[in-house]
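First the structure, in the form of structure tokens, and then the observations on it.
The values are calculated or read from the model by the stated rules, or taken from the named source; none is laboratory data. Nothing here was measured: the structure is a model prediction, and the numbers come from that model. With ideal geometry, Cβ positions are generated from the backbone for all residues, glycine too; neighbour counts draw on all protein chains shown. What goes into the accessible areas is simple: the full protein's heavy atoms, side chains included, and nothing from ligands, DNA or RNA. Shrake-Rupley method; radii C 1.70, N 1.55, O 1.52, S 1.80 Å.
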Amino acid sequence: MTEYLESLNEPQRLGVLNTEGPCMLIAGAGSGKTRVLTFRIAYLMKEKDVDPFNIMALTFTNKAAKEMRERIEHVVGSDARNLWMGTFHSVFARILRSEAHHLGYPNNFTIYDTDDAKSLIRSIVKELGLDDNIYKANTVYNRISAAKNRLIGWQDYLQNAELMADDVANMRPEMGKIYKTYAMRCFKSGAMDFDDLLFNTDKLFKDHLEVLNKYQHRFHYILVDEFQDTNLCQYFIIRKLAAVRQNICVVGDDAQSIYAFRGADISNILNFERDYPDLKVYKLEQNYRSTQNIVNAANSVIKRNRAQIPKNVWTDNEEGNLIELIKAVSDNEEGRLVASSIFEEKMQHQLKFSDFVVLYRTNSQSRAIEESLRRMNIKYKIIGGLSFYQRKEIKDILAYLRYSLNQQDEASFRRIINLPKRGIGDSTVDKIVVAANDHGTSIWEILQNPSPFVGGRAAGPIEDFVAMIKRFNIELGRKDAYEAAFEIAKGSGLLRELYEDKTVEGLSRYENVQELLNAIKEFTDDPDKEDKSLGAFLQEVSLVTGQDEDKDKDPDKVTLMTIHMAKGLEFKYVYIVGLEEDLFPSQMMLSSRADLEEERRLFYVAITRAQKRLILTYALTRYRFGRLKNCEPSRFLDDIDPRFIKMSTKFGGGLESTPPPSQYAKNLVNGIRKTISSAPPPRKAAQQPHKAPVDFVPSDTSALQAGMKVEHPKFGFGTVVMMDMSGADRKAKIQFAEAGEKTLLLSFAKLRIVS
């Protein structure tokens, strides 16, 4: 047996060796799925002599693709560089670069990031005379994105009665018209947004079977990482590509499907066998990451979900410490307790700050943690903050580079036409856009003869701008990416404007632009880059994800991030904060069992990031939306088997001493929530509303009578005192245990008859 296969356990080895036909690897947290995926590719190349150009491997981050490629290269050598490996967006963008002309796009099409797309949407809303408080750019963008992820183009959208009715109900009846205008403007600008890279690939394969046939025969083997995160569009594409040879291998864990809000569809992995009856399934159940207590606790949580593929994750690692539960009086005290715990653990066990991570459900929770860490002079970094490539000065330069390459790019035109100031105001820009739309031509055509459409004063600066862009375009043909970018940054006047700003902020912006130019220089000097053009660099930049940018010069810092950002990572010490009802699980995720189960999977992901120690915290009071609220411990704490968790005795309002395991287990079974009474909040807050079960269904109340016991989703449990049949609507006077006496109209009240 080859040396690299000897390190695999039996299920891993089977997942590597069985290369023919459809295959699904169910990979539990910390089970070594990346190793299996990389060795499977290495095995195809080294032992089965498969040409790397015939292998497509799809990931969700460039970082994951880079790590896999390096591991494969370690086994098979430099030939690994010829693999078609990368994110869904980068691999399909590569295909579209060659085939976009079939769809009427230029091959050097621009890729709009989220900010570019939202900026265009804001312009369209304004042009259509719509209320931007109702048609908010973020809301419209998400609606369009969701439609594309479900393969609904603007034509289908406008013909879909259900979608149109939904828009009317949400007071946004013009959503379909905005979608149509947005799609046509992107097309006219020679631009695609992130969703278009998938939507248009599916359209390409659906409408041009000769192109689909070409790539079906090019890719003999298709491998997909994190399959549980795929959306409908992604799955349809890979299913089409694999249709001829059926050599498709997907790797994932249904228990870690947490991106439904991005369009991820867990049914892709749950129902994969339905599309491939001959599917071979291998379960990677040995966890190499975490202690036994952490693994067992995670198992006890996720088993509460109904929609899942059964598996039994286990580990040979040490038993480890029990999971620690810290109770805080307030969110500020929670931050202080977490910071103190981190400091003490670091000193006591000679750890690095980079061994610690604090995970939270929402970004706003970081404030109290940050303040406490700063008070103790503990260095930290926040993952998911403002990206380098989202900084204004960087986007300004990139817009110049993009427009020099593609003069049909409306978003870039709007950004740079008066930057630096050249006397071309917003009203002039609007006139140019309107003229282009009215005459059915491009903005660039109008710019080259602006006098008939704009005032005489603006015509001169516009002509100078056009001459400058033409000059930049010529430079692109003569120079490499770095030389052209430097010439554009200097010739545009942006570099000088930033240099002359001697404020601290100005110097920082100038240094950021220099760093961008350094990145372009590094790109052109990279011997592994076949295409060193500015267009290739811009495509690479447009597809960078948040995790790909983590290049901290001082890595020894505590990491702070949302749980969604933490997926795929691991740390020795993990703190999960804010474990309270309506925060985690989120109040917005309680309307259905599917939502609640996704939220529980999110908690499972958080738990399984921990290698050695896991600390959970909750607060009894927390300021939310400017109001102090009483908080109830999260239901997820009750999901953890009490054998694997203990209340902290060192921090917060925990127990004075830990009772014997059996008694302590009994205490937890009776409900962790009862500990809330031992430390009353400093201020009285509004009483918590009744929490109805997820499967609450109102009863038929036509036979309701006095004396019956009922449950109301808000007021809780009560007894019917009297029925009032005198009016047109039947009424019931009900004495609720917590909410007191209420008289309810039965035609509106949602009541469940208990007895």
### Message
Restricting to the range 12-50, name every residue that is within 14 Å of TYR288 (Cα to Cα) and either open to solvent by 10 Å² or more (accessible area, probe 1.4 Å) or polar (S, T, N, Q) (or both).
### Response
GLN12, GLY30, SER31, GLY32, LYS33, THR34, ARG35
### Query
Is there a residue in the range 346-356 that is under 29 Å from ASP582 (Cα atoms) and open to solvent by less than 10 Å² (accessible area, probe 1.4 Å)?
yes
### Task
Taking ARG643 as the residue in question, decide whether it is within 27 Å of the chain's Cα centre (by Cα) and either surrounded by 24 or more Cβ atoms within 10 Å (Cβ to Cβ) or in contact (Cβ under 8 Å) with a residue 12 or more places away in the chain (or both).
no
### Candidates ALA260, ALA191, filtered to the one that is closer than 28 Å to TRP154 by Cα, within 16 Å of the chain's Cα centre (by Cα) and at pLDDT below 95
ALA260
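Quick grid of which residues meet (1) closer than 22 Å to GLU570 by Cβ; (2) touching an Asp or Glu at 6+ places or on another chain (Cβ under 9 Å):
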residue	(1), (2)
ILE326	yes, yes
ASP331	no, no
GLU334	no, no
SER340	no, no
GLU345	yes, yes
GLN348	yes, no
SER354	yes, yes
SER366	yes, no
### Message
Looking at the range 208-239 only, could you name the residues that are touching a residue at least 40 places away in the same chain (Cβ under 8 Å) and part of a helix (DSSP H, G or I)?
### Response
VAL211, TYR215, ARG218, PHE227, GLN228, ASP229, LEU232, CYS233, GLN234, PHE236, ILE237, ILE238
### Message
Looking for something open to solvent by less than 10 Å² (accessible area, probe 1.4 Å) and closer than 23 Å to LEU96 by Cα - is there at least one such residue anywhere in the range 264-278?
### Response
no
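Let's see how each residue does on (1) at pLDDT 95 or above; (2) not aliphatic (A, V, I, L, M):
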position	(1), (2)
VAL577	yes, no
LEU583	no, no
SER592	no, yes
TYR604	yes, yes
GLN611	yes, yes
ARG622	no, yes
### Task
Select from the range 229-252 the residues that are under 18 Å from the mean Cα position of the chain (by Cα) and either of a type in the set (Phe, Trp, Tyr) or farther than 21 Å from MET589 by Cα (or both) and list them in ascending order.
LEU232, CYS233, GLN234, TYR235, GLY252
### Query
Are any residues in the range 240-280 in a loop (DSSP other than H, G, I, E, B), closer than 24 Å to ASN213 by Cα and touching a strand residue (DSSP E or B) at 6+ places or on another chain (Cβ under 9 Å), and if so, which ones?
ALA242, ARG245, ASN247, TYR276, LEU279
### Task
Sort out for me the helices (runs of 4 or more DSSP H) sitting completely within the range 59-141 that have 2 or more residues that are open to solvent by less than 10 Å² (accessible area, probe 1.4 Å) and closer than 30 Å to ILE416 by Cα.
88-99, 114-127
### Message
of a type outside the set (Ser, Thr, Tyr), touching a Phe, Trp or Tyr at 6+ places or on another chain (Cβ under 6 Å) and touching a residue at least 40 places away in the same chain (Cβ under 8 Å): is that true of LYS532 in this structure?
### Response
no
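For every residue, the table says whether it meets (1) of a type in the set (Lys, Arg); (2) surrounded by fewer than 21 Cβ atoms within 10 Å (Cβ to Cβ).
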{"residue": "ARG391", "(1), (2)": "yes, yes"}
{"residue": "GLU410", "(1), (2)": "no, no"}
{"residue": "ARG415", "(1), (2)": "yes, no"}
{"residue": "ALA435", "(1), (2)": "no, yes"}
{"residue": "ASN449", "(1), (2)": "no, yes"}
{"residue": "ALA458", "(1), (2)": "no, no"}
{"residue": "ARG471", "(1), (2)": "yes, yes"}
{"residue": "LYS479", "(1), (2)": "yes, yes"}
{"residue": "LEU498", "(1), (2)": "no, no"}
### Query
In this structure, is ILE309 surrounded by fewer than 21 Cβ atoms within 10 Å (Cβ to Cβ) and either of a type outside the set (Val, Ile, Thr) or over 20 Å from VAL574 (Cβ atoms) (or both)?
yes
### Summary
Scanning the range 279-293 residue by residue, the ones that are open to solvent by 50 Å² or more (accessible area, probe 1.4 Å), farther than 18 Å from ARG40 by Cα and of a type in the set (Val, Ile, Thr) total 0
### Task
Kindly state which strands (runs of 3 or more DSSP E) lie completely within the range 582-651 and contain at least 3 residues that are within 27 Å of ASN287 (Cβ to Cβ).
610-624, 645-647
### Summary
Given the conditions (1) out of contact with any Lys or Arg (no Cβ under 6 Å at 6 or more places or on another chain); (2) at pLDDT 80 or above; (3) surrounded by 14 or more Cβ atoms within 10 Å (Cβ to Cβ), every one holds for ARG730 apart from (2)
#### Entry: Cross-chain or 6+ apart pairs with Cβ under 6 Å, the range 1-30 first and under 19 Å from VAL75 (Cα atoms), then open to solvent by less than 10 Å² (accessible area, probe 1.4 Å) and among the charged types (D, E, K, R)
VAL16/ARG40
